[in-house]
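*Asks:* Structure below; questions to follow.
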Amino acid sequence: MGSGEKALIYLGRYLYRGVIREQDILACANGRVSFRHRHAETGKAEKRSLTGVDFLWRILQHVLPKGFRRARHFGLLPLLLTFDPNRFKPPRKERPPMLCSCCGALMTIVRTRIRATSSAVVAVVPRVGVAL
């Protein structure tokens, strides 16, 4: 096994990469920023030029408020959406049949009774009448 340095570098890029790469900023002159981006619907690379204020506004839309953490929704996380808890349940243990101690016949459960716990028992205090 290795030291895990390559995995750490990969995860660092994967989880905490910036909004735009430096290579995608083409020019910054005369108060305008030219950059390359991918169109959300077509997926094609496009060039765009915005004022510095508009460019910063778009970048800051991706900055999380203080106290929030960023995590990706790839990798193991989508598995939680399709997780079926019944798939991993252990097999049910079969109990031996209950037999009557007198005749040996198979017993059938007709009624169950749940005993009251001590917190559920309410004490009833009898009223004592005072005669005047």
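The values are calculated or read from the model by the stated rules, or taken from the named source; none is laboratory data. Here the structure is a predicted model, which is why all the values come from computation and not from measurement. Virtual Cβ from ideal backbone geometry, glycine too; neighbours counted across all protein chains shown.
*Asks:* What are the pairs with Cβ atoms under 6 angstrom where one residue, in the range 59-72, is at pLDDT 80 or above and the other, located anywhere, is among the β-branched types (Val, Ile, Thr)? Sequence gap at least six, or different chains.
*Replies:* ILE59/VAL19
*Asks:* If I go through the range 16-56 residue by residue, how many of them are in contact with a helix residue (DSSP H, G or I) (Cβ under 8 Å, 6 or more places away or on another chain) and over 25 Å from PHE68 (Cβ atoms)?
*Replies:* Qualifying residue count for the region: 7.
*Asks:* Let me ask you something else. Name the residues in the range 38-62 that are under 29 Å from the mean Cα position of the chain (by Cα) and acidic (Asp, Glu), would you?
*Replies:* Once the filter is applied, which keeps residues that are under 29 Å from the mean Cα position of the chain (by Cα) and acidic (Asp, Glu), the range 38-62 yields only GLU41.
*Asks:* Looking at this structure, is PRO91 modelled with pLDDT of 60 or more and more than 30 Å from CYS28 (Cβ to Cβ)?
*Replies:* Yes, satisfied.
*Asks:* Right, here's the next one. Can THR108 be described as at pLDDT 75 or above, loosely packed, with under 10 Cβ neighbours inside 10 Å and out of contact with any helix residue (DSSP H, G or I) (no Cβ under 8 Å at 6 or more places or on another chain)?
*Replies:* Judged against the criteria, THR108 is a match.
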